[in-house]
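Okay, structure first, notes after.
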Amino acid sequence: MDNEIGLETEFAPAERASPREINAHFDGLSTTPLLHDLMRAIPNIVLILNQNRQIVFANERLLEHLEIQDIREILGQRPGELLNCIHAFETEGGCGTTRFCRHCGAVRAILQAQKGHMDVQECRILRTDGRALDLRVWATPLTFNGERLMVFAVMDIEDEKRRAMLERTFFHDILNTAGIIRGTVELLPTVEEAETARQLQALLLSATRRLIGEIEIQNELVAAEHGELQLAYENIEARAFLHELARIYTTHKVAHKKHIQVSPVAEEVVFQSDPRMLARVLGNLIKNALEASQPGDTVTLHCARAGATVRFMVHNPTVMPPEVQEQVFQRSFSTKGEGRGIGTYSIKLLTEHYLHGEVAFRSKPGEGTTFVVTYPLHPPAR
């Protein structure tokens, strides 16, 4: 074959067919009337790929979606390049050749089709414009004029994933808070000291209020996904806020035989934010850190002023594996199984889209893992 050779790859082969070969496939497919009728009848985006994962034909749905008139503009591209995946342009080999592509459902489905097996996968793509795509893809082997090709169909499942994520977030969080209430109620009858009983009663009241808030916030999150969320900003003292969260999560089941401490050098910083949204973000960070920790470990909370912002840090001594670090902010990704991928994505969603902040993390041997969320002291006018 008249292919480029010698390109490096960390996953799928990097070689590409020549423009001459791609045009030959396109000419053959485009002059087949039955294929035209079938492709026009399919409501989803459909591509036909060669054995190098390059586009050699596509239906009108794709052209309409991309708002292009001539299919020749996209011939030879791979799906990730067509969709502007952030990893598709990192290497000379392009789509499918980076270490991140090992986790890509689209590439994995295509490789199965190359082996002669029809495959269906879900695919999460982060685009160069910052958007996240949730797709379901089908890759099916196709033989045309003795040539091995494949049909690659794409369905947008963003709304489906978003609804499922919001529902799981809601039930996940209210069960956490209900667990705190249950644990405190079970502990109260065993307490004899009046001061300890008063502290537990205060914790119970705080957790009950939070449970009601979780129920209320579900409606707000649905509104947020439609761009209708109204945030209720208040003055918040950062260190006191962390102490309250530490008291609440100390009684959570994931804190069993583990410790939570607020850094002794945490600063008193007053800023404006929505306390319920902030509690959801920091609460998820604390819970994730506890789940990642081993018995005897300590999760440390810290806050400090940084110029015109306040910075919160949640640290645990465990290091995340590289494959987790590569996917940590993707919607629906989880280390805890199907249907649990809500924590870090919702943290990023709430922080960056609604609270005008930024979220980042670092995870290194000898240092552990630290998530950092940064918010303006005074958010922009709403």
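FYI, it's all coordinate maths here, none of it is from the lab. Quick caveat: nothing in here was measured; it's all calculated off a predicted structure. We place every Cβ from the backbone using ideal geometry, glycine too, and count neighbours over all the protein chains shown.
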Once both label points are put 7 Å beyond Cα along the C-beta direction, the residue 308-residue 8 separation in nm becomes 4.2
Checking rank on 183-189, 171-177, 274-280, with mean other Cβ inside 10 Å and highest first, the result is 274-280, 171-177, 183-189
For region 29-122 the trypsin sites (Lys or Arg not before Pro) that pass both the DSSP coil test and the at-most-11 other-Cβ-within-10 Å test are 115
Working note, region 187-293: Cα radius of gyration (Å, one decimal) and Dmax (Å, whole number) are 15.7, 50
Once residue 99 and residue 190 are pulled to full extension, the length gained, defined as 0.36 nm per residue separation minus their Cα-Cα distance, is 27.4 nm
Distance in nm between residue 263 and residue 89 label points, each 7 Å along Cα→Cβ, equals 3.6
Taking placed amide H atoms and a strict 5 Å upper bound, the residues 5 or more places from residue 357 or on another chain that come that close are 352
Rounded to the nearest whole number, the per residue volume of the convex hull around the C-alpha atoms of region 1-76 in Å³ is 106
Label model pair residue 202, residue 352: point-to-point distance (7 angstrom along the Cα→beta-carbon line) in nm is 3.8
Cross-link reach from residue 364 to aspartates and glutamates, straight Cα distance under 15 Å and at least 8 residues apart if same chain, gives 323, 326
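Suppose R0 equals 56 Å; then what is the FRET efficiency for residue 215 and residue 18 from their Cβ-Cβ distance, rounded to the nearest 0.05?
0.40
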Inverse of <1/r> over all distinct C-alpha pairs of region 130-197, i.e. the Kirkwood Rh in Å, gives 17.3
For region 58-66, Karplus-derived ³J(HN,Hα) couplings (6.51, -1.76, 1.60; θ = phi - 60°; whole Hz; x for glycine and proline) come out as 7, 8, 5, 4, 5, 4, 5, 5, 7
To the nearest 20 debye, region 19-156 has a Cα-centred charge dipole, built from +1 on Lys and Arg Cβ and -1 on Asp and Glu Cβ, of 520
Computed over the Cα atoms of region 19-156, the Rg and Dmax in Å are 14.1, 41
A student asked for the Cα radius of gyration and Dmax of the chain in angstrom ought to give 25.4, 87
One computes Rg over Rh for region 243-332 from alpha-carbon atoms, with the Kirkwood Rh, and obtains 0.98
Once normalised by the length of region 248-299, the mean sequence separation of its alpha carbon contacts under 8 Å that are 6 or more apart gives a contact order in percent of 59
Computed from every Cα-Cα pair in region 72-119, P(r) in 5 Å bins starting at 0 and rounded to whole percents is 5, 22, 28, 23, 16, 6
Counting only backbone N atoms under 14 Å from a point 7 Å out along Cα-to-Cβ of residue 148, the residues of region 101-116 in range are 110-116
